[in-house]
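Just so it is clear, none of the values below were taken in a lab; they were calculated from the coordinates. No experiment lies behind these values; they were computed from the predicted model shown. Note: ideal-geometry Cβ built from the backbone for every residue, glycine included; neighbour counts use all protein chains shown.
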Amino acid sequence: MSATAPAPPAPASRPVVPPPGTWRLAVAGRSVLLERRAVLVVAVLSVLVLVAAAASLALGTARVALVDALPAALGHGEARDVLLVQRLRLPRVVAGLLVGGALGVAGVLLQTLARNRLATPDTVGLDDGATAFAVASVVAVPTSLLPSAAALVGAATAAALTLGLAGGAGRRGYRFLVVGLGVGAVLGAGTQLVLARAPVDAANLAFPWTVGSLSARSPLAVAVLGAGLAVALPAAVLLGRQLGVLRLADAVASGLGSRVRRVRLGVIATAVLGAGLSVAAAGPLGLVALLAPEIARKAAGPRAVPVVASALAGALVVVVADLLGRTAFAPVEVPVGIVTALVGGPYLLWLLLTTRTRRTL
């Protein structure tokens with residue numbers, strides 16, 4: 001009998017080596033590449049947001065010890081601390097986190113889509129449309145839920161007008177920006193006209209929607225914003241991966257398998273959702289959607305679209321600005337929208353003076 005030759009050993013599978021500067025996360029047979037720098041930036045921003053939130057809970061005209069702020073937020077501790085933290089400060093901190101996160105997401109998506117760092121909900125008319133419709137709804141039918149729905153309709157209307165008149169975004173990003181400024185100016189004038197012709201009581205009731213503030217905002221509007229952000233943030237993360245391809249020419253992006261038109265519509269819808277609901281919850285907060293993506297992009301680097309980092313940076317900017325507005329000139333409170341405009345205005349001027357008009361992202 002002839003002996004059978006042993007079967008050759010199966011070749012050992014080579015371990016998958018991730019590219020330099022990335023981590024490979026394998027779960028259930030699938031793997032995801034994570035950029036180390038982006039992950040570290042998200043971790044650092046998360047810590048800064050927690051520190052800013054804790055400081056905002058503790059500081060004010062009447063101070064609470066930092067170690068007592070968190071238990072008071074949960075309803076434990078002295079009655080005075082619980083009243084200050086849980087009833088007065090915690091709602092506005094939560095509103096600031098949600099509003100800043102929504103504006104950061106909307107800003108980074110629009111900037112990347114239009115390939116222009118100046119394209120934000122402030123500059124392309126989304127905030128003005130949301131404000132105009134929210135004010136009109138308060139003057140007409142003063143209910144707590146209608147401003148949120150009206151703000152969404154207003155932001156969507158502004159986006160449709162801007163896209164239609166500009167012929168789209170993408171390679172026409174500069175035209176998209178200029179047309180958006182015009183649409184926003186018209187809608188802003190409409191807001192002033194509605195307030196001027198409304199009865200005094202109705203105008204006073206609608207005026208808070210024209211000034212960015214976190215004071216005494218509707219809990220229902222904040223809850224609706226939270227639900228909207230829970231939908232918008234995961235969608236923005238998925239769209240951000242596609243937007244990295246859309247930085248190339250449309251023909252190249254289509255050749256790589258990207259559905260250009262569908263991605264652009266998804267970006268606009270997500271930006272409208274974030275901008276509209278944030279205006280309904282806190283009014284227009286100027287330049288947050290410009291500052292947050294800039295902070296995230298400079299920290300995380302230009303390789304990817306920093307959606308999560310922009311959301312965290314926006315939350316950080318709004319919470320810190322609200323804290324400064326409450327404490328810097330106490331007992332006088334400065335609305336958070338004025339603080340963000342004072343900080344973001346000079347930066348916007350510097351950006352306009354030092355950035356080439358057609359510079360892309």
Which net charge results when you count Lys and Arg as +1 and Asp and Glu as -1 among the other residues whose beta-carbon is under 15 Å from that of Ala52?
+2
How would you order 204-211, 92-99 from highest to lowest mean count of nearby Cβ atoms within 10 Å?
92-99, 204-211
Go through 263-272, 127-136 and give me the packing order, highest mean Cβ count within 10 Å leading.
127-136, 263-272
Amide H neighbours of Glu35 under 5 Å, counting only residues 5+ apart in sequence or on other chains, H built in-plane at 1.01 Å?
Trp23
Net charge around Ala313, counting only other residues with Cβ within less than 14 Å of its Cβ (Lys, Arg = +1; Asp, Glu = -1)?
+1
Taking every other residue with Cβ under 10 Å from the Cβ of Ala158 and scoring Lys and Arg +1, Asp and Glu -1, one gets -2
